[in-house]
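Novice: Structure in structure tokens, see below.
Read the figures in this text as sums done on the coordinates, not as results from a lab. Just so it is clear, the structure is predicted and the values come from calculations on it, not from any experiment. Backbone-built Cβ (ideal geometry, glycine too); neighbour counts: all protein chains shown.
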Protein chains: 2
Amino acid sequence: MGSVKTKRMPRAVRERQMLDAAVQTFGQRGYAAASMDEIAELAGVSKPLVYLYLNSKDELFTACIRREAAALTDAVRAGVRPGLGADRQLWEGLRAFFTHTAQNPDGWSILHLQARTHGETFAAEVSAMRKEIVALVTRLIAVAARDGGSPCSNEGGEPGDHPGSDLPEREAAGLAEALVGAAESLAAWANATPGVSARQAATTLMNFAWAGLGDLMEGRSWSPPEPDRP
Amino acid sequence: MGSVKTKRMPRAVRERQMLDAAVQTFGQRGYAAASMDEIAELAGVSKPLVYLYLNSKDELFTACIRREAAALTDAVRAGVRPGLGADRQLWEGLRAFFTHTAQNPDGWSILHLQARTHGETFAAEVSAMRKEIVALVTRLIAVAARDGGSPCSNEGGEPGDHPGSDLPEREAAGLAEALVGAAESLAAWANATPGVSARQAATTLMNFAWAGLGDLMEGRSWSPPEPDRP
């Protein structure tokens, strides 16, 4: 078990320190370049202890993906509070998302970049989290459309105050895919662009998305020109 | 050079056949599972000939990424015709994008999925293409905002007919990131969902994006609630 002494400490605490160090190292240096030596040193433990707790670099990386995915999903769920109007729910959800990705740039880099560029197993972990978020957003959009998505319903007015439109399930799913894709892309951009705050990123996406979604929720949709030009 | 006889054929034609076979195999089976034997057989040539032309599985995969990236970028550029109104340009660009990704699902799978999940070198190839498309969309949004983005300017009216708003460069870049991310996400969803046509996917994104962008281009933006709730 190596010769480095480690202070007695509950396993959970020790493990969290290792994961913190691993997220930072994988996020900043990339999966391939990150070494177990570096992670152990940053965590202040011996390398054998890291292997004892997390088995292998692959399993350590998988543990990082799962922890960061759960943290991000929890943050978004906590941001979206039922009872607010649709635009307010969208705004709070976006703000929670961009605040979390700005405050955890290494975790976001792992989820958005590292996990997707190093093989199908890791990509599948992220894909599971993404499906969950898309399903959450799909439900929110469907409910908001049914209840009417008037921007005036900020104060949590009775559902049905603004009769909305029944959005087909598939249309809601497509809109959710678009919104999630836009948010992922913007988060990567915001973290890579000096001076763009979480609030600005959320405002940009809200600007982009709201009026479009808002119109849809009141049954006004954009129609392609007819007859179609070739 | 092996013993399989191959008909005399110009190198460019032969190479295109190999790339066609490679795109299909990588796209459908994934980078790791695809074998050079399979690709050679599908192309109707000997495996040594594939190696002679394309050197290695990695170089063959890189050649696939580059060809498919160029084809997609060309398709989008061809779709966006200057002189149309902003909404019409967006619509034509989206339609070109979704038509291309629907008609070339294997190429899109390589760009969106395979190339991003198998190491930083391949990911960098896709990243270069993506930057180019984001830059194109950023310019379109900035110009549309400056000229006014009225949906009524379909017929290519004089720029300036609808005085618009000067969108800060950074805001235009953020909106372009959001739009491109939404399009990528929707294309993957449309290709994976039976019965969703290119036109439907383009209409969904247009619905999502246009009213929002359209409002912005006329200087109407969404404002976050003040004072902010915690």
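Novice: Tell me, what HN-Hα J-couplings in whole Hz come from the Karplus equation 6.51 cos²θ - 1.76 cosθ + 1.60 at θ = phi - 60° for each residue of the range A:20-32, using x for Gly and Pro?
Specialist: Result, rounded to whole Hz: 4, 5, 5, 4, 4, 6, 4, x, 8, 9, x, 4, 5.
Novice: Can I ask one more? I want the local charge near residue A:114. Using Cβ-Cβ distances under 13 Å, sum +1 for each Lys or Arg and -1 for each Asp or Glu among the other residues.
Specialist: Taking every Cβ under 13 Å from that of residue A:114, the sum is -1.
Novice: Using a label point 7 Å beyond Cα on the Cα-Cβ vector, give me the inter-copy distances for residue B:42 in nanometres, one decimal, shortest first.
Specialist: Label point to label point, same position, other copies: 3.9 nm.
Novice: Using a simple spin-label model with points 7 Å from Cα along the Cα→Cβ vector, what separation in nm is obtained for residue B:9 and residue A:120?
Specialist: 2.8 nm
Novice: Determine the shape class of the range B:86-128: with a ≥ b ≥ c the square roots of the Cα gyration tensor eigenvalues, call it rounded for a/c under 1.5, and otherwise prolate if a/b is greater than b/c, oblate otherwise.
Specialist: Oblate is the answer for the range B:86-128, as a/c is 1.5 or above yet b/c matches or exceeds a/b.
Novice: A further question follows. Please give the average number of partner chain Cβ atoms lying within 10 Å of the Cβ of each residue in B:191-197, rounded to a whole number.
Specialist: On the way: counts 0, 1, 4, 0, 1, 3, 0.
Per residue, the number of nearby Cβ atoms from other chains is 1 on average.
Novice: Now, a different point. Could you give me the ³J(HN,Hα) list for the range B:59-65, computed from phi with Karplus coefficients 6.51, -1.76, 1.60 and θ = phi - 60°, whole Hz, x at Gly and Pro?
Specialist: 5, 4, 5, 4, 4, 4, 4
Novice: Would you mind listing the distances between the residue A:192 label point and the same position in each other copy? Use 7 Å along Cα-to-C-beta, nm, one decimal, shortest first.
Specialist: Result, one decimal in nm: 2.2.
Novice: Then there is this: Give me a comma-separated list of calculated 3J(HN,Hα) values for the range B:123-132, in order, Karplus coefficients 6.51, -1.76, 1.60 applied at θ = phi - 60°, integers in Hz, x for any Gly or Pro.
Specialist: Once θ is set to phi - 60°, the couplings for the range B:123-132 become 4, 5, 4, 5, 4, 5, 5, 4, 4, 5 Hz.
Novice: What is the local net charge at residue A:66, summed over the other residues whose Cβ is closer than 14 Å to its Cβ (Lys, Arg +1; Asp, Glu -1)?
Specialist: Within the 14 Å Cβ shell, the charges total -4.
Novice: Suppose you put the label 7 Å out from Cα in the Cβ direction; list, shortest first and in nm with one decimal, how far residue A:74 is from each other copy's label.
Specialist: Shortest to longest, the spacings are 5.0 nm.
Novice: What is the spin-label model distance, in nm, from residue A:41 to residue A:70 if the labels are put 7 Å beyond Cα along the C-beta direction?
Specialist: Each label point is offset 7 Å from its Cα along the Cβ direction, giving 3.0 nm.
Novice: For residue A:132, what charge total do you get from the other residues with a beta carbon under 13 Å from its beta carbon, if Lys and Arg give +1 and Asp and Glu give -1?
Specialist: +3
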